[in-house]
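> Can you keep this structure in mind? I'll have questions shortly.
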Amino acid sequence: MAPGISIRSFIGCLNYNQGNKVYRVQYENQNFQMGADSMVGCKLDLRDQEQIADLEQAMSPIMQQFGEIETCIECSALRNIQVHEVFYYSQKAVVHPTAPLFDQELQTLKPRGTRALKRIFILCDYDRDGALNDAELNDFQVRCFNAPLQPSEIDNVKNVVKEQVPEGVNYHGLTLAGFLFLNALFVERGKVETAWTVLLRFLELNNNLIDCYGFSGLASALLESKTINSMYLNGNYGGALGAAALAKGLEGNRSLRELYVNGNSVGDEGVRALVSGLVLHKGFEYEF
C-alpha cells in the first residue's frame with residue numbers, strides 16, 4: 001500500500017431499540033473513542049411506516065453532523081429483516097473504510113490518500129507527459145478492474161471530469177487533478193471500494209521492517225484477495241522463512257502480476273521456494 005496509509009480492522013455499531021431514543025442520541029467523547037461507524041436500529045418489526053419516516057428525518061442531521069457514521073440502518077432479529085445488511089455494511093466499513101481516504105466534513109481526499117493516488121498516477125503515466133492518454137487510461141482500467149474501456153466510455157469519463165474540473169483534462173489526456181477528482185467522486189457516491197481496489201492493485205510495503213511473520217500474514221492476504229496486482233517488499237527482513245511463507249500464498253493467488261523482494265536475504269532456499277510458488281503464474285514480473 002502507499003506509504004502513510006494505515007487501517008484499523010474495527011467496527012463499532014451504536015445500537016438502540018426504541019424509536020424515540022434516537023432523538024436524544026448525543027455523541028460525547030466516549031462515543032468518539034468507541035469509534036461508532038454505524039447506527040443500527042433494532043425491533044423494526046414493531047414500528048409502522050410513519051415511525052420509520054420520522055426516524056429517517058431524525059437520523060439525517062445526525063449523520064451530517066458526525067461524518068464518522070457511515071451507515072444508518074434498521075433491522076429486526078425476530079423477523080430476520082435486514083440483519084444480513086447490518087453485517088454487510090459493518091464488514092464494508094472494515095474492509096473498505098472511508099476515513100483513511102476521505103474527509104467527510106471537507107468533502108475532499110485526505111493528504112495521505114492524495115499522495116497514494118498521485119504515486120499510482122505517476123506509475124501509470126508511462127510517457128511522463130503529466131496526463132493519462134487513452135491507451136494509458138485503458139491500461140490502468142484493465143490492471144485494476146480486469147476490463148477494458150470502450151472509446152466511448154473513455155470519452156464519457158473525460159467529459160464528466162471536464163465539466164466539474166476543467167483542468168482535469170488537457171490535450172494529452174486525463175491530468176492528475178482529473179484522476180484525483182474521479183477517485184474522490186467514487187467515494188462521494190458511496191463506491192469507496194473502487195478507490196480501495198485501485199490502491200490495493202499497487203500495494204507497496206518497501207522498507208517497513210517486515211519479518212518472516214509479517215510475510216506469513218501477507219501470504220494469507222494473497223490467498224484471500226482477488227484484487228492485489230502488485231506487491232513491493234524490497235528492503236524488509238523476510239529471509240528464507242518469509243519467502244517460503246510467501247510462496248504458499250502465491251500458489252493459491254491468481255491476481256498478482258508483480259512481486260519485488262530485493263534486499264530480503266532470502267538466500268538460495270528462499271529463491272527455490274518462491275520459484276515453486278510462481279510455477280502456475282504466467283506473464284509474471286518479479287525481482288529477488
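> Identify all residues within segment 96-141 that are modelled with pLDDT under 90 and among the hydrophobic types (A, V, I, L, M, F, W, C); write none if there are none.
Result: Ala99, Leu101, Phe102, Leu106, Ala116, Leu123.
> Which of (1) more than 30 Å from Glu70 (Cα to Cα); (2) in contact with a strand residue (DSSP E or B) (Cβ under 9 Å, 6 or more places away or on another chain); (3) among the hydrophobic types (A, V, I, L, M, F, W, C) is the odd one out, the single condition Ala243 does not satisfy?
Ala243 satisfies all of (1) more than 30 Å from Glu70 (Cα to Cα); (2) in contact with a strand residue (DSSP E or B) (Cβ under 9 Å, 6 or more places away or on another chain); (3) among the hydrophobic types (A, V, I, L, M, F, W, C) except (2).
> Can you tell me which condition Pro111 does not meet? The list is (1) surrounded by fewer than 18 Cβ atoms within 10 Å (Cβ to Cβ); (2) under 22 Å from the mean Cα position of the chain (by Cα); (3) touching a residue at least 40 places away in the same chain (Cβ under 8 Å), and all the others hold.
Of the numbered conditions (1) surrounded by fewer than 18 Cβ atoms within 10 Å (Cβ to Cβ); (2) under 22 Å from the mean Cα position of the chain (by Cα); (3) touching a residue at least 40 places away in the same chain (Cβ under 8 Å), the odd one out for Pro111 is (3).
> Hey, any hits in segment 56-69 for a residue that's at pLDDT below 85, closer than 26 Å to Glu204 by Cβ and of a type outside the set (Val, Ile, Thr)?
The answer is no, given that none of the residues of segment 56-69 is at pLDDT below 85, closer than 26 Å to Glu204 by Cβ and of a type outside the set (Val, Ile, Thr).
> Filter segment 205-242 down to residues that are assigned to a strand (DSSP E or B) and at pLDDT below 85, then give me how many there are. Talk me through it step by step, then tell me what you get.
Quick first cut of segment 205-242, residues assigned to a strand (DSSP E or B) only: 211, 230-232, 237.
Retained after the next criterion (residues that are at pLDDT below 85): 230.
Of the residues in that region, 1 qualify.
> Looking for something among the hydroxyl-bearing types (Ser, Thr, Tyr), crowded, with 17+ Cβ neighbours inside 10 Å, more than 20 Å from His96 (Cα to Cα) and not assigned by TED's automatic domain parsing to the domain that holds Ser230 - is there at least one such residue anywhere in segment 118-129?
No: segment 118-129 contains no residue that is among the hydroxyl-bearing types (Ser, Thr, Tyr), crowded, with 17+ Cβ neighbours inside 10 Å, more than 20 Å from His96 (Cα to Cα) and not assigned by TED's automatic domain parsing to the domain that holds Ser230.
> Please specify each residue of segment 206-221 satisfying the condition of being among the aliphatic types (A, V, I, L, M), within 20 Å of the chain's Cα centre (by Cα) and surrounded by fewer than 19 Cβ atoms within 10 Å (Cβ to Cβ).
Looking only at segment 206-221, we keep the residues that are among the aliphatic types (A, V, I, L, M), and these are 209-210, 218-219, 221.
Applying the additional criterion that residues be within 20 Å of the chain's Cα centre (by Cα) yields 218-219, 221.
The one that is among the aliphatic types (A, V, I, L, M), within 20 Å of the chain's Cα centre (by Cα) and surrounded by fewer than 19 Cβ atoms within 10 Å (Cβ to Cβ): Ala221.
> To continue, here is another question. Just checking, how many residues over segment 79-102 are free of Cβ contacts under 8 Å to residues at least 24 places away in the same chain and not polar (S, T, N, Q)?
5
> Within segment 89-204, which helices (runs of 4 or more DSSP H) (wholly inside it) include 2 or more residues that are in contact with a His (Cβ under 7 Å, 6 or more places away or on another chain)? Break it down stepwise before answering.
Values: elements: 111-124, 134-145, 151-164, 176-188, 192-201.
Fully inside segment 89-204 and qualifying: 192-201.
The values are calculated or read from the model by the stated rules, or taken from the named source; none is laboratory data. Computed from a prediction, not measured in an experiment: that's the story for all the values here. Backbone-built Cβ (ideal geometry, glycine too); neighbour counts: all protein chains shown.
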